[in-house]
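Read-outs: derived from the displayed coordinates by stated rules, not from any lab. From a predicted model like this one, the values you see are computed outputs, not experimental measurements. Cβ placement follows ideal geometry from the backbone for every residue including glycine, while neighbour counts extend to all protein chains displayed.
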Ligand SMILES: [Zn+2]
Ligand SMILES: [Zn+2]
């Protein structure tokens, strides 16, 4: 496991809690989004502000982190490729176990468990998981986005009445022109 950088924006120091179960601290901060905060087609741009409301609470075996994150997403519609900008709010909770009370061999085998390192909490994986889980598998500009015309690529939401006539065999074109007047809808 890499050593945590205490100056990294998403690394929090919990020493203030003094490892006393029941002691807690509320933290509100804005951090720049780390890289890859999201999925390929919809993500918080790297460096964009992420607002965090956190509660750090010491419990017997570690520190319980409960939080809310708010940020702006950018991406594109999976059907029509229109840019998408929307806000996201996610909540998360994770118990970070004191690293020195865990058997290190066990800790290596079980990477499901988050650990504190020198009483530091790394929120980045927690935040990333929460954001990725909250994102749709296929982001859409609107729920019923009709996508693009398969023939010409026009965005169908912009042109709801968009159609293509079936291609006409050139040999019939002359004949069609001759009969056009006769075929006109009488109600027109
Ligand atoms: Zn769309
Ligand atoms: Zn078309």
Looking only at the stretch 11-134, where both bridge partners belong to it, what percent of the DSSP beta bridges are antiparallel (to the nearest 5)? 95 percent
Remind me, relative contact order of the stretch 23-86 in percent, using alpha carbon pairs under 8 angstrom and six or more residues apart? 29 percent
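If the stretch 4-49 were replaced by its equivalent ellipsoid, with semi-axes equal to the square roots of 5 times the Cα gyration tensor eigenvalues, what would those be, largest first, whole Å? List each step's numbers first, then the result.
On the way: eigenvalues 166, 25, 19 Å².
Ellipsoid semi-axes (Å, largest first): 29, 11, 10.
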Provide Rg and Dmax in Å for the stretch 11-134, with only Cα atoms included in the calculation. 16.4, 54
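What is the fewest-to-most order of 36, 3, 119, 99 by other Cβ atoms lying within 10 Å of their Cβ? Mind showing how you got there, number by number?
Values: 36 13, 3 8, 119 20, 99 16.
Ranked by crowding around the Cβ, least crowded first: 3, 36, 99, 119.
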Using a 10 Å cut-off on Cβ atoms, rank the peptides 12-21, 66-75, 135-144 from the highest mean neighbour count down. 66-75, 12-21, 135-144
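Relative contact order, percent, of the stretch 11-134 when contacts are C-alpha pairs under 8 Å separated by at least 6 residues?
Numbers: 254 pairs, mean separation 30.9, N = 124.
Answer for the stretch 11-134 is 25 percent.
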Under the 7 Å Cα-to-Cβ spin-label approximation, residue 81 and residue 144 lie apart by a distance in nanometres of 2.5 nm
